[in-house]
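To keep things clear, I will list the structure first and then write my remarks on it.
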Amino acid sequence: MKIAQMHYCYLHGDALSNIMRANHEIFMDKNWESYIIADLFTDTKDKNVYLSASKDYIKEPMLLQIPYLFSRFIRISNKAQYIKMYIDAMKRYKSGKAKEIIESADIRIWHYGTYYDLFRYFHEHDILWYQGVTYPYLVASSESAIRSKNILQAMLDMKPFVIVHSEFIKECLMDLGFKEKSIHIIPLFHRLKIQKHRSSDRKDPKLLTWGRYATCKQVPQIAKFCFEHNISFTAFGDNSMLSDFKENYKEAKKYENNKIHILPKQKDFLPFVQQHDVFISNSKHEGFLMPAIEAASQGLPLLIRKGTAPDDFFKHKGIKPGFLFKELDEIPGLIEEIARDYDYYSEQANKLARLYTFDIYKKNLLKILETYIKEKKN
């Protein structure tokens with residue numbers, strides 16, 4: 001079996017890249033040929049990663065490609081770093097190799113976070129692994145938003161086999177016209193040892209969130225609310241990749257005091273988890289929300305804004321890992337509710353985390369690929 005996974009970049013610490021890396025590990029364990037195609041750049045020297053794939057397909061002059069590349073480049077905060085990765089990618093480019101792999105693969109998996117040029121060469125009945133990272137209507141670049149919607153609509157005609165991580169993303173694609181029977185849900189996973197947790201202070205539980213300082217995450221809003229209501233709160237995550245991350249980080253920083261801490265990325269995040277009591281997400285758009293499951297694995301109850309992918313965490317019969325909320329004003333009362341029976345909600349969080357292990361993810365992935373192979377043969 002020969003499998004190729006495609007996305008426009010492949011980076012350490014990037015959520016989508018972590019999925020590709022995990023899939024690659026699973027495929028290699030099955031003794032399948034596994035390749036990763038990164039269209040623009042990568043920060044890994046992995047020999048199984050092939051770069052600048054669109055050069056094998058797209059023959060239009062570079063001058064015509066500049067508007068698209070510029071629309072991406074302008075949003076990047078650390079421009080020098082990405083220019084270096086792009087130049088390195090050009091140096092590592094092997095003419096024709098990426099195209100050869102894509103065209104000869106038994107299974108082609110196209111990871112879709114947002115539009116990139118290579119999607120124009122999507123094959124009929126290929127796998128569309130839709131991450132829901134940047135739903136077409138929410139991307140910052142209007143040009144990218146238009147292309148995203150158009151390319152997804154074009155893919156409909158190719159009858160793709162679709163994989164998503166949540167019911168929410170499935171519904172988003174159905175709104176665009178994708179057929180329900182073509183969409184298959186594989187929830188994501190954690191690889192942490194499940195730990196019990198005891199509240200450090202039941203009178204003043206410490207809230208924690210982490211991830212990107214993206215606009216949809218609404219970290220400044222939750223920081224301001226906690227500041228105004230004297231609630232302990234810590235946030236950490238990527239504050240530099242894109243310009244909006246940088247601005248949201250600065251805005252949240254305005255509310256720092258002895259109880260509110262706004263931090264950049266942390267190399268070892270587990271100590272932060274274990275020093276806090278409740279995981280909170282104020283995000284208005286999530287494809288899955290992996291940090292919530294990681295926090296649950298360490299026994300932290302969950303407080304999550306209702307209306308996106310994490311709603312799925314509260315649909316398991318007999319498991320109540322915390323609460324969903326619609327408005328920030330609900331949070332103080334929900335914190336009190338959790339504090340009154342903290343050990344119960346902590347134990348429920350552990351139960352939730354046991355449903356999202358890597359072994360379960362692996363079984364789900366291989367089972368769905370079996371379904372795909374059967375459908376393709378028919």
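A few notes on this one:
Listed here are the residues, each with its yes/no results for (1) touching a strand residue (DSSP E or B) at 6+ places or on another chain (Cβ under 7 Å); (2) in a loop (DSSP other than H, G, I, E, B).
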position: GLU171; (1), (2): no, no
position: GLY177; (1), (2): no, yes
position: LYS181; (1), (2): no, no
position: HIS184; (1), (2): yes, no
position: LEU188; (1), (2): no, yes
position: LYS193; (1), (2): no, yes
position: LYS196; (1), (2): no, yes
position: ASP204; (1), (2): no, yes
position: LEU208; (1), (2): yes, no
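- Residue in the range 307-314 that is in a helix (DSSP H, G or I) and free of Cβ contacts under 8 Å to residues at least 12 places away in the same chain present: yes
- Filter result for the condition that a residue is assigned to a helix (DSSP H, G or I), at pLDDT 90 or above and over 19 Å from the mean Cα position of the chain (by Cα), over GLU256, GLU251: GLU251
- Reported count of residues in the range 219-233, each being buried (at least 22 other Cβ atoms within 10 Å of the Cβ) and either in a strand (DSSP E or B) or under 25 Å from the mean Cα position of the chain (by Cα) (or both), is 5.
- Residue pairs meeting the criteria (Cβ under 6 Å; at least 6 apart or on separate chains; first of a type in the set (A, V, I, L, M), in the range 92-117; second part of a helix (DSSP H, G or I)): ALA98/ASP56
- A single member of LYS363, LYS320, LYS284, LYS367 is surrounded by fewer than 19 Cβ atoms within 10 Å (Cβ to Cβ), more than 20 Å from GLY132 (Cα to Cα) and not assigned by TED's automatic domain parsing to the domain that holds ILE163, and it is LYS320.
- Filtered by the rule that a residue be part of a helix (DSSP H, G or I), at pLDDT 70 or above and of a type outside the set (Lys, Arg), the range 102-140 gives ILE102, GLU103, SER104, ASP117, LEU118, PHE119, TYR121.
- If you check LEU324, LEU352 for being modelled with pLDDT of 95 or more, in a helix (DSSP H, G or I) and aliphatic (A, V, I, L, M), only one passes: LEU352.
- Restricting LYS99, LYS84, LYS94 to residues that are touching an Asp or Glu at 6+ places or on another chain (Cβ under 6 Å), among the basic types (Lys, Arg) and either assigned to a helix (DSSP H, G or I) or at pLDDT 75 or above (or both) narrows the list to LYS99.
- Failed item, numbered, when SER182 is tested on (1) in the same structural domain as ALA295 (by TED's automatic domain parsing); (2) polar (S, T, N, Q); (3) on the phi < 0 side of the Ramachandran plot: (1)
- Selection within the range 324-342 - more than 17 Å from ASP204 (Cβ to Cβ) and either touching a Lys or Arg at 6+ places or on another chain (Cβ under 8 Å) or of a type in the set (Gly, Ala, Ser) (or both): LEU324, PHE325, LYS326
- Within the range 259-275, the set of residues being more than 23 Å from the chain's Cα centre (by Cα) and modelled with pLDDT of 95 or more comprises LYS259, ILE260, HIS261.
- Here the range 302-322 is the region considered, the condition is being in contact with a Lys or Arg (Cβ under 9 Å, 6 or more places away or on another chain) and not charged (D, E, K, R), and the residue that is farthest from ILE194 (Cα to Cα) is GLY307.
- Flag for GLU247 being farther than 16 Å from ALA292 by Cα, of a type outside the set (Gly, Ala, Ser) and not assigned by TED's automatic domain parsing to the domain that holds HIS123: yes
- Residues (within 15 Å of TYR8 (Cβ to Cβ), at pLDDT below 65 and either small (Gly, Ala, Ser) or not in a helix (DSSP H, G or I) (or both)) located in the range 44-72: SER71
The values are calculated or read from the model by the stated rules, or taken from the named source; none is laboratory data. If you're wondering where the values come from, they're calculated on a predicted model, not measured in any experiment. In this analysis, Cβ positions are derived from the backbone assuming ideal geometry, glycine residues included, and neighbour counts consider all displayed protein chains.
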